Amino acid sequence: MLRRDWDVFEAFGEIYFSCVFPGAIKAWHIHKRMILNYAVPHGEIRFVLYDDRPDSPTKGEVQEMVLGPDNYSLVTVPPMIWNGFKGLGSETSIVANCATIPHDPDEIVRRDPMDSYIPYDWTAGSG
């Protein structure tokens with residue numbers, strides 16, 4: 001999933017796994033300081049990013065990808081990028097995250113998955 005000699009590796013804070021049931025949505029959130037490194041070793045998710053950083057060249061853009069064993073990828077998410085995912089298919093997915101700092105509830109901000117602030121419709125498309 002991640003090696004300390006890769007360019008994307010910054011630091012090790014913790015690694016955790018999330019189980020995502022088919023159709024379940026875990027969104028939206030940003031981290032103020034934490035860098036996330038996601039991979040999906042089992043199942044399949046739709047992973048979505050939204051950039052609202054004021055000075056970013058990608059401000060206002062939404063990026064969507066399907067992750068799982070058939071499209072195995074490491075996705076690195078810098079601080080202050082909204083992200084979330086939805087379980088696809090018919091089985092529970094496992095999402096691994098190797099984060100750069102230990103969990104700190106004071107550095108995370110959350111929004112409801114259907115919050116209109118983020119221009120994304122979780123009900124559209126497959127899954």
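Just so you know, all these numbers are worked out from the coordinates, no wet-lab data involved. This structure is a prediction, so every number in the text was calculated from the model and none was measured. So basically every Cβ, Gly included, is an ideal-geometry build from the backbone, and we count neighbours across all protein chains shown.
Summary of computed values
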item: More than 15 Å apart - percent of Cα-Cα pairs taken over region 82-127; result: 62 percent
item: Quotient of Cα Rg and 2.2 N^0.38 Å for the chain, N being how many residues it contains; result: 1.02
item: Inter-site label distance for Thr92 and Asp7 at 7 Å from Cα along Cβ, in nm; result: 3.7 nm
item: Under 19 Å from the Met114 label point (7 Å along Cα→beta-carbon), backbone N, region 73-101; result: 84-87
item: Difference of contour (0.36 nm per residue) and Cα-Cα distance, Ser73 to His29; result: 13.8 nm
item: Residue-span extension gain [His42 to Glu107] - 0.36 nm each, minus C-alpha spacing; result: 20.6 nm
item: Extension reserve of the Met80-Val62 stretch, reckoned as 0.36 nm per residue once the Cα distance is removed; result: 5.1 nm
